[in-house]
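Notes follow once the structure below has been shown.
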Amino acid sequence: MRAGRRRAALGGTATALLVAVLACVALPALLPRAAAEDAAARATLDRGIRFLQDSQNADGGFGAVRGSASSPVISAWAAYALAAAGINPQDQARPDGTDVLSYLTARTAGLRETTDFARVALVAIAAGTSPRSFGPVDPLGEILSRQLPDGSFSQPPGSREGWINSTVWAIFPLSAIGTAGTDAAARRAAEWLIDHQRADGSWGSITPDSAADTDVTGGAIQALNAAGLHGTAAERRALEYLSQVQTADGGFPEAPGGTTNSATTAWVIQGLWAAGVDPRSWRTDAGGDPLSYLASLQRPDGSIGWTATSDLNALWMTAQTGPALAGRPYPLAAVPRQARAPRRQPPPEEVAAGRAPSRSERGNGGISLVRGDGVIAGGGGRGAPLYSAPQPQSGGSTPGGSRQIEAAPMPPEAASPQPGLEQGQGPDSGPKARAGRGTEHGGEIVEGVLVGGESPRNPAAPGLFSADGGGEADAALLIALLGGLGAAAAVGSRRERAGIGVG
């Protein structure tokens, strides 16, 4: 049964009013409703990424569940999820541990199937390294050697039978390279997929006559768009099929009539992103949408379960949902490396006193776990502006974030606060913002603009996370400001559409 969906559209009057409001109120927290909903998905992603980072083993790899032995397959999925969140796999390592890319390149002996080579080729591309050289193997060369004359790709070595799933996966790294040869190979493979779409709009997982597979259908939509085939009739039929199998909770089952699960739903979401469709627009009559469904499966530790009642392979499922929550369909481009700030040169008086020089380096880039005296704003990553939204590339649960410190006053001549902020703002006038320095958990000295900890759930600027135990951003200001847009949105007309929300 088709699940009806509702979509809200701003009429001309409401649009004009909204533009006027945005032009008159210069506040970064004033966001349209769609952006606020995407921020909710980002919060789900941040908690999942923190879970993945906390679950990394010292050898750089990841197991199917936290604490289990590392697996190259699971580690590749985790590396890609981290890349989707803006963390280069070369930068993801536990303190004194090995990074995940090094772990993977040292373990290529088990690679033999096309999807295995495609997966590590995608990790190499996201890491900014060559997919032609992944340790001792050439993943891209292995993939190209398996393309059959009809354009499809076989799965096991030596096979002469094209598989749907392996063809979808092969297109991803080939289309990301951007050479004439790889583009041509990806295009031939995409045309083969179109020729072998099932009559109901789906694709099977192995041979063209396989039963409908929702995961592969979401993947095929991504593959067509990656190969440059946008807005095709095949894509429209696939979206119509997906609209038919969505369940009331907003999620998707692997096969019609099956149980909704996180992995299948993630593949569908990525297909929607690739097709230019906002997954939030696929809202069922019961109020569910795909992104909200994934959020409903998140456990207190940040992991995402397979279903509402099963935590099977929780780390793997959390990794699979990363690109979907980040709004990043396959394939990803190279993620910039983590930038480290230069070492601070100590003043002569510190040298004379024999004090160790303090350092200005990247922050922990995440939500503090325990309450402290304050946080240093913009503490994650070189170039992160003060009072910024969390920045990518800082390697934390919310990259960029803040750094918890134990405060010590900084002499006025030692730092310059953000223009427009008063030093030593009084405790009764709201959150304090002053030039400050302090000692981080590791004993390092950090400097920046200190935001007081007396009211950790009321940070001094939108987008800055507080330093309390819960580690959630204060959304009160955002909610209050969004209330002002309610009248504007209400002026727009609402229309009900049956079927898929394309366009």
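The values are calculated or read from the model by the stated rules, or taken from the named source; none is laboratory data. Keep in mind it's a predicted model, so treat the numbers as computed, not measured. In this analysis, Cβ positions are derived from the backbone assuming ideal geometry, glycine residues included, and neighbour counts consider all displayed protein chains. Surface accessibility is based on the protein's heavy atoms, side chains included, excluding ligands, DNA and RNA. Shrake-Rupley method; radii C 1.70, N 1.55, O 1.52, S 1.80 Å.
Is it true that Val168 is part of a helix (DSSP H, G or I) and within 19 Å of Gln244 (Cα to Cα)?
On the way: part of a helix (DSSP H, G or I): yes; within 19 Å of Gln244 (Cα to Cα): no.
Considered against the rule, which asks whether it is part of a helix (DSSP H, G or I) and within 19 Å of Gln244 (Cα to Cα), Val168 comes out as no.
With the condition kept exactly as written, say whether any residue in segment 313-324 is modelled with pLDDT under 95 and either in contact with a Leu (Cβ under 8 Å, 6 or more places away or on another chain) or part of a loop (DSSP other than H, G, I, E, B) (or both). Scanning segment 313-324 turns up at least one residue that is modelled with pLDDT under 95 and either in contact with a Leu (Cβ under 8 Å, 6 or more places away or on another chain) or part of a loop (DSSP other than H, G, I, E, B) (or both). Being touching a strand residue (DSSP E or B) at 6+ places or on another chain (Cβ under 8 Å), of a type in the set (S, T, N, Q) and more than 22 Å from Ser55 (Cα to Cα), is that true of even one residue in segment 132-139? No. If you check Ser210, Ser243 for being farther than 30 Å from Ser133 by Cβ, modelled with pLDDT under 95 and either of a type in the set (S, T, N, Q) or open to solvent by 20 Å² or more (accessible area, probe 1.4 Å) (or both), only one passes: Ser210. Screening segment 136-158 for residues that are in contact with a Gly (Cβ under 7 Å, 6 or more places away or on another chain) and of a type outside the set (Ser, Thr, Tyr) and picking the one that is most open to solvent (accessible area, probe 1.4 Å) gives Asp150. In segment 221-240, the residues that are closer than 21 Å to Phe252 by Cβ form Cβ pairs under 7 Å with partners that are of a type in the set (Phe, Trp, Tyr), at six or more places apart or across chains, as follows: Gln222/Tyr330; Ala223/Phe172; Ala226/Phe172; Ala226/Tyr330. Residue pairs whose Cβ atoms lie under 7 Å apart, sitting 6 or more positions apart in sequence or on different chains, and linking a residue in segment 306-320 that is at negative phi to a partner that is of a type in the set (Phe, Trp, Tyr) and assigned to a loop (DSSP other than H, G, I, E, B), are Leu312/Trp306; Leu315/Phe62; Met317/Trp306. Note on segment 66-127: enclosed helices (runs of 4 or more DSSP H) holding 2 or more residues that are open to solvent by less than 10 Å² (accessible area, probe 1.4 Å) and of a type in the set (Val, Ile, Thr) are 114-127. The number of residues in segment 227-240 that are of a type outside the set (Gly, Ala, Ser) and buried (at least 21 other Cβ atoms within 10 Å of the Cβ) comes to 2. I'd like the residue in segment 159-207 that is open to solvent by 10 Å² or more (accessible area, probe 1.4 Å) and in contact (Cβ under 8 Å) with a residue 60 or more places away in the chain and, out of all such residues, is nearest to Leu122 (Cα to Cα). By that ranking, first place goes to Ala176. Against the criterion of being more than 25 Å from Thr318 (Cα to Cα), surrounded by fewer than 24 Cβ atoms within 10 Å (Cβ to Cβ) and touching a Ser or Thr at 6+ places or on another chain (Cβ under 8 Å), Ser133 does not qualify.
Residue-level analysis places Ser262 among those that are of a type in the set (Ser, Thr, Tyr) and open to solvent by less than 30 Å² (accessible area, probe 1.4 Å). Checking each residue in segment 283-312 for being within 15 Å of Leu272 (Cα to Cα), open to solvent by less than 30 Å² (accessible area, probe 1.4 Å) and either assigned to a loop (DSSP other than H, G, I, E, B) or among the polar types (S, T, N, Q) (or both) picks out only Asp289.
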